[in-house]
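The values are calculated or read from the model by the stated rules, or taken from the named source; none is laboratory data. Remember, predicted model here, so these are calculated numbers, not experimental data. Note: ideal-geometry Cβ built from the backbone for every residue, glycine included; neighbour counts use all protein chains shown.
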Amino acid sequence: MRRDGIFSKARIPYGTWGNSYFPAWQTSAIAEVNIGQFAAESMARIMGLRKVPLSQLDYLVLGSTIPWHWKFWNAPMLSSLVGQRIPGHHVEQACATGLQATLAAAAQVQSGDHDVVGVLTFDRTSDSPVGVFPERRAYERTIALGDVWDNFGFDPATGGSMLATAGAAARKHKIERREVDELTLHRYDQYFNSKAAGLLEKTCVPLDLLNVQGKPLGRIDADLGIRRVTAEGLRAMRELETAVTAGGQTHAADGMATLLVTTPGRAAELSPRPEIEITLVAKAEARANPGLMPEAPAIAVQKLLNKTGMTMAEMAVVKNHNPFAVNDAVFAKVLNYDWKKMNETGCSLVWGHPQGPTLTRSLIEGLEEAVALGGGNVLLFGCAAGDIGIAAVFNVTDKGAK
């Protein structure tokens, strides 16, 4: 089994991370602010709380998927808002953006080009702008695209919707509605149990919002829009597709997440617990057949396990982006894995899906969970629109443990 890691020179310093809470679409003042500015200022706030000197940053990798005002400027603008005039670039791969941004940061460190790379991912689905694009292949001069909802509802490769992929995967793998309802209820219980235990406070940072005059708009201190569900309530919901109801799918949200990637030496300097070492062991991407998005993450994990010689039994923490509860049921069936062992501290099915920062938050939660367990491998995976799946394994080692 590979243990040296594909980025042997890169480390994620423990504790140099954090994310906003993820309010659901149109439920908070994030809908009223420039999301790039909010993300950059929030990164500065989070790193300040973590006692990480921002003067140490020498590169910035951004990740977002929805157009926002000033997006053309990206890293040059946001690095200045963070407080450092440093170079950087932008990464985008639908729901996989948060993980790809982390991989891109690790590549910068591995190459020796930069020592301390900040990862900043964000998106605002609220009031998503409408882009107007020239369309010279049709009789219409322009085609207006609603960025979020139109894309969710139409895959240009198949003509189907995201919802249709969940139903198709459920039918292929003979997933029953009863199991999906049970799985959904379990995911909500995991989230609310973690919240009651104060685990969300380890990663989620309350953040204040200001308007352009610097006056307060509100405070984001909860994952707004999450409703409690019951077994009876889930059973009563109308089936929108095979084994899919409104309760068994995530919701659009707003938010940001940030972390650092650096060298082993700098990680020891920047982390409040330098004895904890976090490495990236391996990553894999794969495609399922058209219109079978929920199957793609399972195929990516299979590919990752095959090329590393690792097994699911070696994973201390298993986290994923699950836009549909069907995703988890399909994964469990393909990998012969108990879905109750996944997402112990919460998941995007419950706390929402801002797209860009979704997998970044999942990674941060997974790393915190592994540290609490005393170390181990963290498996992170998810879909990336259409029929692409992505997976990665991180290793957490507590060198101070007896």
Inset, instruction - Considering every residue within region 1-8, establish whether at least one is outside any loop (DSSP other than H, G, I, E, B), touching a residue at least 60 places away in the same chain (Cβ under 8 Å) and surrounded by fewer than 24 Cβ atoms within 10 Å (Cβ to Cβ). - result: no
Inset, instruction - Select from region 308-336 the residues that are without any contact (Cβ under 8 Å) to a residue 60 or more places away in the chain and out of contact with any strand residue (DSSP E or B) (no Cβ under 9 Å at 6 or more places or on another chain) and list them in ascending order. - result: THR311, ALA313, ALA332, LEU335, ASN336
Inset, instruction - Looking at (1) closer than 17 Å to ALA252 by Cβ; (2) among the hydrophobic types (A, V, I, L, M, F, W, C); (3) over 16 Å from the mean Cα position of the chain (by Cα), find the lone condition where ILE86 falls short. - result: (1)
Legend entry - Considering residues of region 47-70 that are farther than 24 Å from GLU269 by Cβ, of a type outside the set (Gly, Ala, Ser) and within 20 Å of the chain's Cα centre (by Cα) only, the residue surrounded by the most Cβ atoms within 10 Å (Cβ to Cβ): LEU62
Inset, instruction - Identify all residues within region 324-339 that are in contact with a His (Cβ under 6 Å, 6 or more places away or on another chain) and surrounded by fewer than 24 Cβ atoms within 10 Å (Cβ to Cβ); write none if there are none. - result: LYS333
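Conditions (1) surrounded by fewer than 24 Cβ atoms within 10 Å (Cβ to Cβ); (2) modelled with pLDDT under 95; (3) touching a Pro at 6+ places or on another chain (Cβ under 7 Å), marked per residue:
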{"residue": "GLY255", "(1), (2), (3)": "no, no, yes"}
{"residue": "PRO272", "(1), (2), (3)": "yes, no, no"}
{"residue": "PRO357", "(1), (2), (3)": "no, no, no"}
{"residue": "ARG361", "(1), (2), (3)": "no, no, no"}
Inset, instruction - Could you grab me the full set of residues in region 196-221 that are at pLDDT 90 or above, out of contact with any helix residue (DSSP H, G or I) (no Cβ under 9 Å at 6 or more places or on another chain) and not acidic (Asp, Glu)? - result: ALA196, ALA197, GLY198, PRO206
Legend entry - strands (runs of 3 or more DSSP E) contained entirely in region 113-194, each with at least 1 residues that are more than 20 Å from the chain's Cα centre (by Cα) and at pLDDT below 95: 130-134, 142-146
Inset, instruction - Could you please let me know if ARG219 is basic (Lys, Arg), part of a strand (DSSP E or B), within 30 Å of TRP68 (Cα to Cα) and free of Cβ contacts under 8 Å to residues at least 24 places away in the same chain? - result: yes
Inset, instruction - Kindly provide the set of residues from region 197-220 that are within 27 Å of LEU367 (Cα to Cα) and surrounded by fewer than 16 Cβ atoms within 10 Å (Cβ to Cβ), ordered by number. - result: ALA197, GLY198, GLU201, PRO206, ASP208, ARG219
Legend entry - strands (runs of 3 or more DSSP E) contained entirely in region 250-368, each with at least 2 residues that are more than 25 Å from ARG187 (Cα to Cα) and of a type outside the set (S, T, N, Q): 254-262, 276-287
Inset, instruction - Give region 53-63 a look and list any residue that's touching a helix residue (DSSP H, G or I) at 6+ places or on another chain (Cβ under 9 Å) and part of a helix (DSSP H, G or I), or say none. - result: LEU54, GLN56
Legend entry - Qualifying residue in region 222-229 (condition: in contact with a Leu (Cβ under 7 Å, 6 or more places away or on another chain), within 23 Å of ALA329 (Cα to Cα) and in contact (Cβ under 8 Å) with a residue 24 or more places away in the chain): yes
Inset, instruction - Would you mind finding the one in TYR59, TYR21 that is farther than 22 Å from ALA391 by Cα and touching a Cys at 6+ places or on another chain (Cβ under 6 Å)? - result: TYR21
Legend entry - Tally, over region 64-104, of residues that are assigned to a helix (DSSP H, G or I) and more than 16 Å from ARG361 (Cα to Cα): 10
Inset, instruction - Tell me, yes or no, whether region 27-38 has at least one residue that is buried (at least 17 other Cβ atoms within 10 Å of the Cβ), under 24 Å from GLY346 (Cα atoms), touching a strand residue (DSSP E or B) at 6+ places or on another chain (Cβ under 6 Å) and at pLDDT 95 or above. - result: no
Inset, instruction - Kindly provide the set of residues from region 9-43 that are in a helix (DSSP H, G or I), of a type in the set (A, V, I, L, M) and under 20 Å from the mean Cα position of the chain (by Cα), ordered by number. - result: ILE30, ALA31, ILE35, ALA39, ALA40, MET43
